[in-house]
Amino acid sequence: MATPVLTLSDIHLSLGGAPLLDGAELSVGPGDRLCLVGRNGSGKSTLLKIAAGAIEADRGERFVQPGKTVRYLAQEPDLSGHESLIDFVAEGLDPTDGPHRARRLLEKLGLDPEADPAPLSGGETRRAALARALAPRPDILLLDEPTNHLDLPTIEWLEGELKRLDGALVVVSHDRRFLDGLARAVVWLDRGRARRMEGGFAGFEDWRELIIAEEEEERRRLAKKIERETEWLHKGVTARRKRNMGRLRNLQALRAQRREAIGPSGTVTLTVGETQSSGKRVIEAEGLAKRYDGRAVVADFSIRILRGDRIGIVGPNGAGKTTLLNMLTGALAPDSGRVTHGSKLSIATLDQMRASLKPTVTLQEALAGEGEWVEIGGERKHVRSYMQDFLFQPNQAGTPIGKLSGGERGRLMLARALAQPANLLVLDEPTNDLDLETLDLLQEMIADHPGTVLLVSHDRDFLDRTVTATVNAEGEGHWRVYAGGFADMRAQGGILLTREGAAETPKPAAKPKAANGGAAEKPKAKTKQARLSFTERHRLEALPGEIEALEAKIAPLRETIADPNLYARDPRAFAKASEALAKAEEALAAAEEEWLRLEDLREAEEAGT
């Protein structure tokens, strides 16, 4: 094996007296593509800071191979003390690096190299810091939540940039699609320790569940052993007189082992406040238009949203997603057109900028005001109990919001929004800073919500798992509605604009149409182009069988990769199975994409006849 370029050995760190990292290990080889995952508060960002040399551990060793360069993207970068963005980025360059790449990266990320850093928004600041991290082409690149506050075109551009990276990459992210495209190994940080799984992120959750199941079985066996030893301890007087102190100490050690095994991980509980159902028609918009500084942000947009619809809104930063959302909910008046709301509508909103969270307000005050109770689903609940549903400890009740981490602030915003009785949930970038487990629960909550959901997000996987229709920005203020999630939108020919407003691929302009339940009115088929050839018709018939065969091939390969001991036992077999799985998954994705394209052609052909 190649010599690691960076290693962390037996890392220990405590915060406020509580252990955060307890013997964590990290080894990064040349060209590695590692993703670091774990619950919010598990220490991912802290471990990355130690790897970057930004902070020191209480105990343990950090080693970087001599001559290797390390660059680090923090969650909250500091640009103070620089007159322009190009100055900030150039400061991170080595003497041998040319300044042209720094300028190009800033422009690619939608930033003016000569701009003053002081008035930048949080998202712009992170993009500038990303340019600084990428510009020198480092040997080791450490990225903490690089996709937060990036729009979809920039996320896809960043994926391509990182795939071309020659050096090693360690990334903390909760964006599944981003990790699917990049990771070749996963490091899971759990209860202070790091476990490594070789292979792509797609196999991580099955591998994690297998480890959790094994730990549950171990705890069950441990509990049985404690039960047996406790029974001995409480026997009759004769047995107590002959009691073995060594055996007593062993029982105490077993109980301590069980406490440690259970750990403080906890579970997020998401419950949305319930209210009466809205009418069947929730929102009807006709001919909405909005202009800013002479530029059309929304032009002649119409949609009908019915009870139970889950509508996703996507597009580059600055396209007007939040503007459109605010017009639909009545928070912003259109220049022209009208919005009609249905009866009995009750709205709960999670805002993108966390603007309503004042840094000096305590956690308890943010949730319950001056009282101690919140009402959830018609039932009163003590605020400290409600806090625990979102993984906050009771002793955090008096903590000012300004001292919470990004993930904690994200959970707090969810707690506030979900406490409001609502039949229309309005979620503007709800996934920022949430861990994978909380994202899963949020997805389930949205799926089970009896009302309607409007959602703005740049998380492609989250959109695919939650929405029934996607509203996409298509340039010059035009928005179009597609049935299904983000992948469905792309399969139907939906374009993805760059920040400058240019489309990825040429596409005729399409005027947005009203849609029942979020479904788009289909464009008129062009008869000459919507005919299946004999070969295409044959492929369409054969593809379902091919897809089924590939799925059958993938299932046992995933089971093989999920074996946590396979890599140590037989690295060659692990590598062979990993390669076969990657090829099979790539073939499956290609087959599904081809089937969707041909099925669309078949439907268009039938519609035209």
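Would you check which residues across segment 123-139 are over 19 Å from ASP32 (Cα atoms) and surrounded by fewer than 21 Cβ atoms within 10 Å (Cβ to Cβ) and list them? Hits for segment 123-139 are GLY123, GLU124, THR125. Look at segment 413-430: where a residue is under 8 Å from ILE347 (Cα atoms) and a partner is hydrophobic (A, V, I, L, M, F, W, C) and surrounded by 21 or more Cβ atoms within 10 Å (Cβ to Cβ), sitting 6+ places away or on another chain with Cβ atoms under 6 Å, you get LEU425/VAL453; VAL426/LEU454.
For first residues located in segment 320-334 and on the phi > 0 side of the Ramachandran plot, partners that are among the hydroxyl-bearing types (Ser, Thr, Tyr) and lie 6+ apart or on another chain with Cβ distances below 9 Å form the pairs GLY320/TYR292.
Please go through segment 410-436 and pick out each residue that is in a helix (DSSP H, G or I) and more than 10 Å from the chain's Cα centre (by Cα). The answer is GLY410, ARG411, LEU412, MET413, LEU414, ALA415, ARG416, ALA417, LEU418, ALA419. Restricting the search to helices (runs of 4 or more DSSP H) fully inside segment 526-609 and requiring at least 3 residues that are modelled with pLDDT under 85 and more than 30 Å from ARG196 (Cβ to Cβ) gives 534-561, 571-608. Filtering segment 369-380 to residues that are at pLDDT 85 or above and either among the hydrophobic types (A, V, I, L, M, F, W, C) or not in a loop (DSSP other than H, G, I, E, B) (or both) leaves only TRP373. Across segment 20-55, the number of residues qualifying as farther than 22 Å from PHE201 by Cβ, in contact with an Asp or Glu (Cβ under 9 Å, 6 or more places away or on another chain) and part of a strand (DSSP E or B) comes to 2. The set of residues in segment 437-451 being in contact (Cβ under 8 Å) with a residue 12 or more places away in the chain and either within 22 Å of GLN75 (Cα to Cα) or over 15 Å from the mean Cα position of the chain (by Cα) (or both) consists of GLU437, THR438, LEU439, MET445, ILE446, ALA447, HIS449, PRO450, GLY451. The condition of being surrounded by 15 or more Cβ atoms within 10 Å (Cβ to Cβ), in contact with a Gly (Cβ under 8 Å, 6 or more places away or on another chain) and of a type outside the set (Phe, Trp, Tyr) holds for only one of ALA591, ALA562, ALA604, that being ALA562.
Only one residue in LEU165, LEU120, LEU142 is hydrophobic (A, V, I, L, M, F, W, C), surrounded by 24 or more Cβ atoms within 10 Å (Cβ to Cβ) and not in a helix (DSSP H, G or I), so which one is that?
Going through LEU165, LEU120, LEU142 in turn, the sole match is LEU142.
Looking across segment 180-217 at every residue that is of a type in the set (Val, Ile, Thr) and not assigned by TED's automatic domain parsing to the domain that holds VAL37, the one that is farthest from PRO564 (Cα to Cα) is identified as ILE212.
The values are calculated or read from the model by the stated rules, or taken from the named source; none is laboratory data. Everything quoted here is computed from the prediction, not taken from an experiment. Note that each Cβ is placed from the backbone with ideal geometry, even for glycine, and that neighbours are counted across all protein chains shown.
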